[in-house]
Amino acid sequence: MPPSRPSRRPLIRSLAVTCLLQLASVVAQDPAPLPSQDSVTDYAPSTNVQCPDFSTTSLIRVFTPDNQTLHPQETAYINERASTVLPDAWQSWLGGNVDGHGYNLSMFQDNYPKIGMAIPGGGLRSALYGASCIGALDARNDSAKAAGTGGLLQVTSYLSGLSGGSWVTGSMFFNNWPLLNDMVLGNDENMEGWLLDIPLATPDGINLFSDENQAFFGSVLWSVMAKAEKGIDTSLTDPWSRMISYHFLNQTNRKNFFTNDSAHGAGQLWSNIPRIPAYQQRQTPFPIVVSDSRPVGSNLTTALDLESIVYEITPLELASYDPNLSAGMNLTYAGTHLTNGTAVNGSACVTGFDQAGFIMGSSASLFNQILDFASNTLSAFSKDDGAALLYMLGRQLREVRTRADDVANWPNPFTGIKSATFQDSGKDWLELIDGASNFENIPYAPLFVRARGIDTIVTIEGSADDNVNLWPNGSSLLTTALRQSKELRASHQQFPPIPQNPQAFIDAGVNARPTFFGCDPTQTPPEFPLVIYLPNAPPINGDDPVTKYASLVCT
């Protein structure tokens, strides 16, 4: 008989805390070419595509919290990776007598912990912290390997990202799972890095009307106009998504930044992740991006309540495991208006809506809370970037039809589904916004879904909860624990015991050092997963911090 879930805990709990602090440099790797297209206008979806035969094929999965199911291809990926890749990965990391670990992995009979990893929001600051931590857990990083931390990434089954964390997630996949130093800083061969010295919205500096800025704005708007010309309503999230793509996808370099010699990631689709070589070889965790949803018609410009639906976007589907929806839509056909699972426009479907930058932009669409229409200002951005985005919106409004300007507009595939409980069942659109809009800045929700059965969740915590010092204080964990106890008891695992408020986090010092929550379950199997919490905090040796700056500014 394989050991029960509690026997998995010692293997994780016994890892040295000091190992989880190691952040080290990495070495080069060549990414294989990825599917791509040639023009910035490839941002436009394809419309009037022949739908599958709805008499034999459904684009919608509907389930209940009591009969929860995963997408069959997700299950297959996780199981294949567990049987063909993870045993060797565990053995390489902890097997034998590596630096005196001495784990006898045969005792686990291949019944290893199922691990998820979460990268929260916080713009560039969170993205950089997330990337550095992942690099420190990567077996391909010689320094991390020597420290004993390198290998945790290789045994991770799920990777979830939100807002800035989604930028890391998307960048890793669309660069074919590179080493982090190459991905962020580039190398001398074929990777330019994130080019973070170039501002997101004003790449040629503060003069909006310089030739280079105008060329950049024109290219971005050309993409958005191509989408609008297909009859798909756009918003400020669309140019924002294109700006993100220039930095985090794989087709932009310093030479072509202000030209249309490259598509700059247009046409690269989230649903094409299964075509990426590293994914095909089962070398990567299964990726999930989180986005919140504003109830359609509410026009809310404040934070959401805990009842609002939280969505996850995988390479396979747009889904929510919230009890009030519990359904998923085939991501390849996202952009298709469905009613009761059937295309509104007969047999005509939409494909190509799931442009990778738009997925990351949907998870980071915070404009409903920071766009002041009355004063025409954007908070949270620098003055220059805010001015550039508003300038783009003005041009966009003159050129194309928009819908709700301050959200990511998604045609609703769940119209008519769960009408008694689903907030937008009677609506034609979904209004997706930043995944932290309900104060859950860490993308925990997918990792606590009961059907996934995750044992250990590694939290790469780069939140800036403290407005003075910009460090985490546990607010996101507390919100998730509350939401799971009030709204998700039927669908998600419980959250492990944690300090009861932010001040208690600070007083206990757990916001400043790696901490393991949930080491002492009382049930078999455990009633909650083990949460490993790795907060961004001032260096313990007293050095000045290197990531204490505004979330959307890198200087």
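The values are calculated or read from the model by the stated rules, or taken from the named source; none is laboratory data. The structure presented is a predicted model; accordingly, all values stated were derived computationally and were not measured. Positions of Cβ are generated from backbone atoms using ideal geometry, with glycine treated the same way; all protein chains shown enter the neighbour counts. Keep in mind that these areas ignore ligands, DNA and RNA; they rest on the heavy atoms of the full protein, side chains included. Shrake-Rupley method; radii C 1.70, N 1.55, O 1.52, S 1.80 Å.
Collect the residues in the range 427-477 that are aliphatic (A, V, I, L, M) and assigned to a loop (DSSP other than H, G, I, E, B), keeping them in residue-number order.
Within the range 427-477, Ala436, Ile442, Ile454, Ala464, Val468, Leu470 qualify.
Go through the residues of the range 209-230 one by one and say whether even a single one is closer than 30 Å to Arg81 by Cα, among the charged types (D, E, K, R) and in contact (Cβ under 8 Å) with a residue 24 or more places away in the chain.
no
Does any residue of the range 353-368 turn out to be open to solvent by 10 Å² or more (accessible area, probe 1.4 Å) and in a strand (DSSP E or B)?
So far as the range 353-368 goes, no, none of its residues is open to solvent by 10 Å² or more (accessible area, probe 1.4 Å) and in a strand (DSSP E or B).
Would you confirm whether or not the range 153-167 contains a residue that is in a loop (DSSP other than H, G, I, E, B) and over 24 Å from the mean Cα position of the chain (by Cα)?
no
For the condition touching a residue at least 60 places away in the same chain (Cβ under 8 Å), open to solvent by 20 Å² or more (accessible area, probe 1.4 Å), of a type in the set (S, T, N, Q) and outside any loop (DSSP other than H, G, I, E, B), what is the one hit in Asn181, Asn187?
Exactly one of Asn181, Asn187 is touching a residue at least 60 places away in the same chain (Cβ under 8 Å), open to solvent by 20 Å² or more (accessible area, probe 1.4 Å), of a type in the set (S, T, N, Q) and outside any loop (DSSP other than H, G, I, E, B), namely Asn181.
Any residue in the range 74-95 that is within 20 Å of Arg140 (Cα to Cα) sitting within a Cβ distance under 6 Å of a residue that is in a helix (DSSP H, G or I) and open to solvent by 20 Å² or more (accessible area, probe 1.4 Å)? List the pairs, counting only those 6 or more apart or interchain.
Listed by first residue and then by second, the contacts come to Ala89/Gln154.
Does any residue in the range 124-144 that is closer than 24 Å to Ala89 by Cα come within less than 6 Å, Cβ to Cβ, of a residue that is of a type in the set (D, E, K, R) and not in a helix (DSSP H, G or I) six or more places away or on a different chain, and which pairs are these?
Ala144/Asp138
Against the condition modelled with pLDDT of 55 or more, assigned to a loop (DSSP other than H, G, I, E, B) and open to solvent by 60 Å² or more (accessible area, probe 1.4 Å), how does Ser55 come out, does it pass?
yes
Given the condition in contact (Cβ under 8 Å) with a residue 12 or more places away in the chain and over 22 Å from Ile359 (Cα atoms), answer yes or no: does some residue in the range 157-178 qualify?
Looking through the range 157-178, none of the residues is in contact (Cβ under 8 Å) with a residue 12 or more places away in the chain and over 22 Å from Ile359 (Cα atoms).
Of all residues in the range 391-433 being within 30 Å of Ser210 (Cβ to Cβ) and touching a Ser or Thr at 6+ places or on another chain (Cβ under 8 Å), which is most open to solvent (accessible area, probe 1.4 Å)?
Arg401
Can you tell which of Asn324, Asn299 is farther than 30 Å from Ala82 by Cβ, at pLDDT 95 or above, open to solvent by 40 Å² or more (accessible area, probe 1.4 Å) and in a loop (DSSP other than H, G, I, E, B)?
Unique residue meeting the criteria: Asn324.
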